[in-house]
Amino acid sequence: MDGELDWLAAGLPTEGRNADRPRAGDVARRDAPTCRLDEPIGQVRARMQAAGWDACVVVNDERVVLGLLRAEELRRGQDEPIEQVMRPGPSTFRPHVPIEELAHHMIHHDLPSSPVTTSDGRLVGLLRREDAARVALEQTRAQQADHEAANDRR
Amino acid sequence: MTAGEAALEPPTCIQCGVVVECCAFCERVVCAEAICYRCLRIQFRESLPGLHVHGG
């Protein structure tokens, strides 16, 4: 482990005032589907449809993220290998990013899902916009309730 | 990037105004809230890769 940010980026436990704030790594789906570079797109598409996912993360044997298939890529082709169809080197986010900030960006940028990775690029999970927005909203409501309760006590 | 997108003016970061190839968050060339990689990392409180220090 190289330093504090790498500790956080690996999604390891933290202490202190902000430790209980939900973060990207807490909300990302760990069961996100993955595929390999040499799989045919038609096969992966069928697997995604059966599992009810509209995105798939392309990884290597070490689970390092190589690419991403969103809905538009999943619609392309049949026998072509994933390597030819995928979105290579997608933007990834670290597990310690506060969920409110990611949710805000995902909504404003109309981004349906984003891979969350450790700082060495290994997949932690896939963050879905609806999950991020739901948890961020719950967090905001909880903060408001705490604030109101504190005001009532005064 | 599509051929249509490539013909457009490159976006500028809404935070610092630097011209970027595409938005660092959504990777789209057409983005009303395009942000550069540096500003995005600062917003997410992530460390920026530092410059290598070489002797001589």
**Report entry** FRET efficiency, 1/(1 + (r/R0)^6) with R0 30 Å, evaluated for residue A:46 and residue A:104 via beta carbons
**Finding:** 0.30
**Report entry** Prolate/oblate/rounded call for the range A:54-105, Cα gyration tensor, a/c under 1.5 rounded
**Finding:** oblate
Report task. Considering only A:57, A:44, A:65, give the residue with the highest GNM mean-square fluctuation for chain A, with springs between Cα atoms whenever their separation is below 10 Å. Result -> A:44
Query raised in the report: Other chains' Cβ within 10 Å of A:84-96 residues: what's the mean?
Result: 2
Requested in this report: Any chance you could run the full-extension gain for residue A:75 through residue A:31? It's 0.36 nm times the residue separation minus the Cα-Cα distance, nm to one decimal.
Outcome: 13.7 nm
Report summary line: Taking Cα pairs closer than 8 Å and at least 6 residues apart, the relative contact order of chain A in percent is 28
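Computed from the coordinates by the stated procedures, all read-outs in this text should not be read as laboratory data. The structure displayed is predicted, hence computed values, not measured ones. When we count neighbours, we look across all protein chains shown, and the Cβ atoms used for this are built from the backbone with ideal geometry, even at glycine.
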